[in-house]
Amino acid sequence: RWYIYNGFKEPQFKKFLKGLLRQADTGITDVDLTELPPATPEQIAKDPDLSRLLPGHALIRQYGDDYYVFTAERGTIRVQRLTTMHGDVSFTLSKESAGTIKLFKLGFLLYSYKNMPGSKLLLLDEFDGLFHPFLTKVLLKSLLNNHMGGQFIAALHNTMLLSHDIW
């Protein structure tokens with residue numbers, strides 16, 4: 001999950017993710033990492049990976065539907081949580097709908113698929129689950145129009161999406 005942390009350092013990734021969320025009409029206007037208090041010795045003792053965290057590296061943990069980023073800096077372990085913005089109001093990812101959470105997680109894969117050169121294969125099971133059929137159609141068209149090449153296989157349950165007219 002290192003790509004999540006690195007993705008937020010890339011302006012192009014955030015632009016892609018915000019565009020994807022806007023296209024899906026989620027109401028999310030921004031996504032970011034929100035600073036939390038540093039990790040306590042008790043937290044570090046519970047997670048041996050935190051005690052081995054090297055300066056300049058990041059550890060991503062998912063608790064429920066929320067993502068946390070841990071980084072070692074100046075002798076402390078910095079903690080950040082992924083948050084979404086709806087105008088002036090921020091939410092943790094776990095407060096979003098199941099479809100939005102799925103789209104958010106899928107955003108990392110789609111960005112990598114659409115921007116990584118070379119041969120690649122993306123397998124998507126239950127791709128249309130939790131999505132409106134229109135959104136699924138838009139996402140599928142986006143995958144087909146990939147200038148970097150690659151193939152994808154998606155398992156779909158909506159028979160309306162099996163038509164040749166969709167493309």
Next on the checklist: Going residue by residue through region 104-123, is there one that turns out to be within 20 Å of the chain's Cα centre (by Cα), polar (S, T, N, Q), farther than 18 Å from Ala24 by Cβ and open to solvent by 40 Å² or more (accessible area, probe 1.4 Å)?
Outcome noted: yes
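Kindly indicate which of Gly56, Gly75, Gly64, Gly87 is touching a helix residue (DSSP H, G or I) at 6+ places or on another chain (Cβ under 6 Å) and at positive phi.
Of the residues listed, the single one that is touching a helix residue (DSSP H, G or I) at 6+ places or on another chain (Cβ under 6 Å) and at positive phi is Gly64.
Of these, Arg78, Arg52, which one is of a type in the set (Lys, Arg), in contact with a Pro (Cβ under 8 Å, 6 or more places away or on another chain) and open to solvent by 20 Å² or more (accessible area, probe 1.4 Å)?
On the way: Arg52 fails: in contact with a Pro (Cβ under 8 Å, 6 or more places away or on another chain).
The conditions single out Arg78.
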Next on the checklist: Show the residue pairs meeting these rules: Cβ distance below 6 Å; 6+ apart or different chains; first residue within region 48-77 and within 23 Å of Lys105 (Cα to Cα); second residue open to solvent by 60 Å² or more (accessible area, probe 1.4 Å) and in a loop (DSSP other than H, G, I, E, B).
Outcome noted: Ile60/Arg1
Checklist entry - So is Ile4 farther than 25 Å from Phe131 by Cα, under 14 Å from the mean Cα position of the chain (by Cα), at pLDDT below 85 and open to solvent by less than 30 Å² (accessible area, probe 1.4 Å) or not? => result no
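Residue by residue through region 128-148, note down the ones that are open to solvent by 100 Å² or more (accessible area, probe 1.4 Å) and assigned to a helix (DSSP H, G or I).
Taking region 128-148 and keeping what is open to solvent by 100 Å² or more (accessible area, probe 1.4 Å), we get 130, 132, 134, 145, 147.
Residue satisfying the conditions is Phe134 alone.
The values are calculated or read from the model by the stated rules, or taken from the named source; none is laboratory data. Bear in mind the structure is a predicted one, so any value in this text is a computation, not a measurement. Glycine also receives a Cβ, built like all others from the backbone with ideal geometry; neighbour counts cover every protein chain displayed. Keep in mind that these areas ignore ligands, DNA and RNA; they rest on the heavy atoms of the full protein, side chains included. Shrake-Rupley method; radii C 1.70, N 1.55, O 1.52, S 1.80 Å.
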